[in-house]
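Worksheet: the structure to be examined is printed underneath.
Just so you know, all these numbers are worked out from the coordinates, no wet-lab data involved. The structure presented is a predicted model; accordingly, all values stated were derived computationally and were not measured. Cβ coordinates were reconstructed from backbone atoms using ideal geometry, including for glycine residues, and neighbour counts include every protein chain displayed.
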Amino acid sequence: MENLVYAIILLPLFGFLINGLFGKNLPKMLVGSIATLVVFASFCIAVSLFLNFEADSQPVIVRAFEWFRVNGIQVNFSFQIDQLSLMMIMIITGIGSLIHLYSIGYMSHDKGFYKFFAYLNLFIFSMLLLVMGSNYLILFIGWEGVGLCSYLLIGFWYTNKEYGAAARKAFIMNRIGDLGMIIGILMIAYQTNAVDFLSVAQNSSKFELDSPVIIFITASLFIGAMGKSAQIPLFTWLPDAMAGPTPVSALIHAATMVTAGIYLVVRSNFLFSLAPTTMDGILFIGLLTALVAAFIGLRQNDIKKVLAYSTVSQLGFMFVALGVGAYTTAMFHLMTHAFFKALLFLGAGSVIHAMSGEQDMRFMGGLKSKIKVTHITFLIGTLAISGFPFLSGMISKDEILTNVYGKNPVLWVILFLVATLTAIYMFRMYYLTFHGEFRGTEEQKHHVHESPSNMTIPLIVLAVLSVVGGFINLPHFIGHGNYAKLDQWLNSIYVYDLELPEVNFGTEMILLALTVLMFFTVWFVVKNIYVNKKKMALPDEKYTGWERLSNRKLFLDELNNATFVRFIEGLGVGGNMFDKGVLNRFVDFIGSGAEDSGRAAKRLQNGNVENYVLIMSLAIGIILIVNFILQ
Amino acid sequence: MGEINSFIQTVPLEYFIILSSVLFCLGVLGVLIRKNAIIILGCVELMLNSVNLLLAAFSSYKDDGNGQILVFFIMVVAAAEVAIGLAIIAMIYRNTKSVDISIFNKLRG
Amino acid sequence: MEQIIFFFVAFLAIISAAYFVFARNPLYSILSLIVTFFSIAAMYVLLNAQFLGIVQVIVYAGAIMVLFLYILMMLNLNKGDESKKQNITKFIGVFAAGILLIGILGAFKGLNATTYGTGADSSIGLTKNLGRLLFNEYVLPFELASILILAGIVGAVLIGKKDL
């Protein structure tokens, strides 16, 4: 068992080393195959572990070595295998291997082919470290590692300065969140005298409910999650991160890295359950983020930007679920979102590939007959995210909505509005891209072709998962909860009882009916606008009113720039002036002081013997006198 | 002989100390005041002699022979030093046609 | 009686030393230095350091002073008129020497007794006794002194050469 655990985490590292060190000289097929196969092998091992694991098994700790021991706290480098981490491992390696396969086709013309796969493998390694670690410190190592890989991969085409700036932005915003996380971890270590999850869970009972200490700790951890999972105010890096290659967007910014924040909160459920105030804060921020991101997504015209804002919005959904205490629901939505968002991103990549690099939807259209596989899978993804009945997205989203209604019906209304907006912009995107007439150039029209099979196979697999993925956690009213497999699976993770609000069967049915009704209405209306009435998306300058606000991202980037960036730059300028004016002068002063004293001392040596003798005899006389005085 | 032996019984040792100090300081004064190199060398000799006198006086008063041995050796060294010093001064005169020490300031910093 | 002799010889030494320091003419100052050396030799004899007294006359007054005079005459400086020093320099010089004198004489601080000799037979200054001491205990320094003189001779000759 131990060797299997080591194998899971070391295989991607091995792939990184091989590809990174020797990949330049290996043939492309070999590089891609090695990278994909190591991740797929990790997935197979994880599945085998999963099959041997029961829903009520105890967590298995695999200790690699003792890391350090300080002041009574012993920190081991060890891995924890339990239900939660197994679920995450399977998601990461499963979707990861599909994306690796896809990248072989997508990046086949790129000069940095081997580098890309090296970075991807390093990312998988870091993410596995994050979810498999048994204490907060190893989690943090993985946390930082995925931040680094995100930077490397976003700025992969480094010769373009804007891409580099986007990568920097991502890294710096992550870092701001990391500060909160570090403070949280330190506080945990200080208060509970341990950093590994099992010990902290045991010691967590000494915290009073809603005491300032626990609120501080959980708020700090949440700030870390905010940075990583792109919540307000630290979310503007994610749309800019679309500068990276599309497989990167699919893997990192849809399926794995941005879910690290959710994982952190679920893993620390024993802390968050004790701080209802923080949970309310999480709820509020998640709701706000979901709303703002959905609003901005309405009028974006780059196909990847729409998906980016959609990701931010869906992450907001997950945090709302966390905020009401429905951890399992959040994990469920994390999983289904991974499926359909990765599908959508890969599909978008396929469209971009077919359009020879064009990303603006206003120049697409009418592609449905030209790239059939991509079209079908993309449609499935759109339907999933918008809430087509019985697809995975609908089931998980509905569960969130139900739980929120149980907390507060007003919140349900807002979240329902967000779901409506989601459907609107997703369908808008779909119709602009695939329906209507082709609006691109002639040359692009000739080039449109279906992607090779190593790109379409992942699309098909993900489409299937998006359809059936919801059935692992059917709502309780079906089969009396016997089919809520995920609930049963993750139940032993939670230390304190989850006090989820109860919603009676009738209300739940009404809510469900409303959601389905909304879905079909939106589909019908949007299809009418964009296909029948052939409404066109305007060029950027012609937007007015709320459309302008939406298109210009609510001017949030400009706000950030005007306040924080100017402030820091001002500090820098001030520091520069201080350095030049004060410190330089000080150093020069010392230097000239030495020089001047030397010049003064030079006058003693004038070569006159008489002077020398005079000073000598004076000195001797004075020494003698002083000697006698002192006696 | 008997009378001379009583010299050390009647003259206190402090008189010799004072005499020696005065001679020494006269030598120092000469070095500071005079500009002729030969005279300065002579003042150094004067200083050495004052020390010799003091050593001999102490040796006589304390009946210790080591003082007079030291005087002997000081005289030897002084003689050698004068020889070489005067040779140097002669060379300096040959080069610069003067023995005024105020012009010997080539070692200025 | 002895004190009178002592004071006479002492004053002779001091006055001739003073003239040596302050005289204008270098020749006169060298001559007064000879008188100083003779008075010091007289002191030695008074102290019953006979060997030293003789050696003083022979070496100092005889050899060293003759050397001085020789150099003086050869360089034709006997009519020397050296340029005046600034008054301030002289003042500082006197001040320095004065400070030195006070410092040295500070040895008398705290002294109230005068020291007399023990009155024993101070025959240590006799040549025979001194020679015995010199050649028994101080043989090595004696030989080294001879090498020193050799070095001095060689050095003086080398310095005086026209071309090396």
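Things worth noting here:
- Residues whose amide H comes within less than 5 Å of that of A:G133, counting only those at least five positions distant or on another chain, are A:Q80 (H built at 1.01 Å from N in the peptide plane).
- Eligible aspartates and glutamates near A:K407 by straight Cα distance, threshold 12 Å, same-chain separation 8 or greater: A:D280, A:E499, A:E502
- In this label model, B:T96 and A:W157 are separated by 8.3 nm, measuring between points 7 Å along each Cα→Cβ vector.
- Subset of A:K368/A:K485; A:K161/A:K368; A:K161/A:K445; A:K115/A:K304; A:K28/A:K445; A:K397/A:K527 violating a 32 Å alpha-carbon distance limit: A:K368/A:K485; A:K161/A:K368
- Between A:D596 and A:L559, residue separation times 0.36 nm minus the direct Cα-Cα distance comes to 8.0 nm.
- Residue-averaged beta-carbon neighbours from other chains (10 angstrom radius) around C:7-18: 3
- Shape class of region A:434-530 from the alpha-carbon gyration tensor: oblate, with a/c at 1.5 or above and b/c at least as large as a/b.
- FRET E, pair A:N3, A:K24, Förster distance 35 Å, beta-carbon r, rounded to 0.05: 0.65
- When you restrict to C-alpha pairs under 8 Å that are six or more residues apart and normalise by the size of region C:1-80, the relative contact order lands at 30 percent.
- Gain on full stretching of the segment that runs from A:N491 to A:S199 - 0.36 nm per residue minus C-alpha separation: 103.2 nm
- Point-to-point label distance, A:H109-A:M577, nm (Cα→Cβ direction, 7 Å offset): 5.2 nm
- Per-residue [θ]222 nm for chain C (sum of -39500 (n - 2.57) over DSSP H runs n ≥ 4, rounded to 500): -22000 deg cm²/dmol
- Shape category assigned to region A:486-620 from the gyration tensor of Cα positions, a/c cut at 1.5: oblate
- The relative contact order of chain C comes to 20 percent, based on Cα pairs under 8 Å that sit 6 or more residues apart.
- Shielding by partners - mean other protein chain Cβ count within 10 Å, residues of C:65-71: 4
- FRET efficiency, 1/(1 + (r/R0)^6) with R0 51 Å, evaluated for A:Y190 and A:S369 via beta carbons: 0.20
- Rounded to 10°, Cα long-axis angle of helix A:392-407 versus longest principal axis of chain A: 70 degrees
- Counting only residues at least eight positions apart within a chain, or on another chain, the aspartates and glutamates with an alpha carbon under 17 Å from that of A:K370 are A:E358, A:E437, A:E442, A:E443, A:E450.
- Placed amide H near A:V495: partners under 5 Å, 5+ positions off or other chain: A:F270
- Label-to-label distance for A:K206 and B:V77 is 8.0 nm, based on points extended 7 Å past Cα in the beta-carbon direction.
- Mean per-residue shielding of peptide C:87-99 is 6, counting Cβ atoms of other chains within 10 Å of each Cβ.
- Take A:581-587, A:115-121, A:281-287 and order them by the average number of nearby Cβ atoms within 10 Å per residue, most first; the result is A:115-121, A:281-287, A:581-587.
- Partner aspartates and glutamates whose Cα lies under 12 Å from the Cα of C:K90, excluding those fewer than 8 positions away in the same chain, are identified as A:E610.
- Distance-filtered residues of region B:53-90 - backbone nitrogen under 18 Å, label point 7 angstrom along C:A151 Cα→Cβ: B:73-88
- Exposed loop sites were defined as GluC sites (Glu not before Pro) in DSSP loop states (anything but H, G, I, E or B) carrying at most 14 other C-beta atoms within 10 Å; in chain A the longest segment without such a site runs A:209-436.
- For region A:341-442, trypsin sites (Lys or Arg not before Pro) meeting the loop criterion (DSSP other than H, G, I, E, B) and having at most 12 other Cβ atoms within 10 Å: none.
- With a Förster radius of 30 Å applied to the C-beta separation of C:K161 and B:N105, the computed FRET efficiency comes to 0.70.
- Look at the Cα gyration tensor of region C:1-107: its axes a ≥ b ≥ c give a/c of at least 1.5 with a/b at or below b/c, and that counts as oblate.
- MRE, 222 nm, helices only [DSSP H, n ≥ 4, -39500 (n - 2.57), over chain A, to nearest 500]: -22500 deg cm²/dmol
- Taking amide H as placed 1.01 Å from N in the peptide plane, A:G112 has no amide H partner under 5 Å among residues 5 or more places away or on another chain.
- Between the Cα long axis of helix A:83-106 and the first principal axis of chain A there is an angle of about 90°, rounded to the nearest 10.
- Chain A: relative contact order as a whole-number percent, Cα under 8 Å and 6+ apart: 12 percent
- Extreme residue, positive dipole direction of the protein assembly as shown, given options A:A330, A:S369, B:F73 (C-beta unit charges): A:S369
- Residues listed by number, region A:317-337, amide nitrogen under 18 Å from A:D280 label point at 7 Å toward C-beta: A:320-326
- Nearest 10 degrees, 0 to 90: helix A:453-468 Cα axis against chain A principal axis: 70 degrees
- Segments A:83-93, C:136-146 sorted - mean Cβ within 10 Å per residue, highest first: A:83-93, C:136-146
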